[in-house]
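Inspection log for the structure reproduced underneath, given as C-alpha cells.
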Amino acid sequence: MEKMLTSHQAAKLLNVWPHTLRRWEREGKLKPLRTPGGHRRYKELQIMALIGEEITVIESEVAAGENDSDGSNP
C-alpha cells in the first residue's frame, strides 16, 4: 500500500503551510484522500511529484537567467 502523509507532513516536505495545501486542493493542484473522520491524506508519490515540478521550474529559471543568486537581476 502506498504511503500516505498528513497535511502537516506534506506541508513540511514542500516547505509550505498546511493552508497552502488546502488552497492547492481548491485550485486542483492536489487531490487528497479523506479519512472516515474527514482528515486529508496525501499520497507520498503525489507530493514527491510536486517537489520534482518545483525543482524543474527553478532549474528552468536559472538556465534562463531569471533567478540570479547574486541579486543583480531584479
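Just so it is clear, none of the values below were taken in a lab; they were calculated from the coordinates. What you are looking at is a predicted structure, and each value in this text was computed from that prediction instead of being measured. Cβ placement follows ideal geometry from the backbone for every residue including glycine, while neighbour counts extend to all protein chains displayed.
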With +1 at each Lys and Arg Cβ and -1 at each Asp and Glu Cβ, the charge dipole magnitude of region 4-63 around its Cα centre, to the nearest 20 debye, comes out at 520
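Taking Cα pairs under 8 Å and at least six residues apart, what relative contact order does region 4-63 come out at, in percent?
Numbers: 45 pairs, mean separation 20.8, N = 60.
Reported as a whole number, the value is 35 percent.
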Candidate cut points under GluC sites (Glu not before Pro) in region 1-43, DSSP loop plus at most 16 other Cβ atoms within 10 Å of their own Cβ, are E2
A correct fewest-to-most ranking of M1, M48 by other Cβ atoms within 10 Å would be M1, M48
